[in-house]
Amino acid sequence: MTIDRAVLAFAGCMILASLALSQVHSPYWLLLTAFVGVNMLQASATGFCPVAIVLKRLGVRPGVAFS
């Protein structure tokens, strides 16, 4: 798995988890969904992604977008 795919998988898991938590616990969990979406937009514009930096330090193979 490359960093690119891992970042997308992480974002997808966070969105699904926050949607589930908003239904079970509190609608304020939707703020996490908004944060993930804003972070994805920011990363697409600037190329800076904190999750990609962490994954790179953990030794995940680089991809095309986050090298």
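Bear in mind these aren't lab numbers, they're just calculated from the coordinates by the rules spelled out. Given the structure is predicted, the values throughout are model-derived calculations rather than measurements. Every residue, glycine among them, receives a Cβ derived from its backbone with ideal geometry; neighbour counts consider all protein chains shown.
Tabulated results
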item	result
Members of segment 5-40 found to be touching a residue at least 40 places away in the same chain (Cβ under 8 Å) and in contact with a Cys (Cβ under 8 Å, 6 or more places away or on another chain), listed by number	V7
Residue in segment 54-62 that is surrounded by 14 or more Cβ atoms within 10 Å (Cβ to Cβ) and assigned to a loop (DSSP other than H, G, I, E, B) present	yes
Identity of the residue in segment 28-46, polar (S, T, N, Q) and more than 19 Å from A17 (Cα to Cα), that ends up farthest from the chain's Cα centre (by Cα)	T46
Subset of segment 2-27 (residues that are more than 14 Å from the chain's Cα centre (by Cα), surrounded by fewer than 12 Cβ atoms within 10 Å (Cβ to Cβ) and either assigned to a helix (DSSP H, G or I) or at positive phi (or both))	A20, Q23, V24, P27
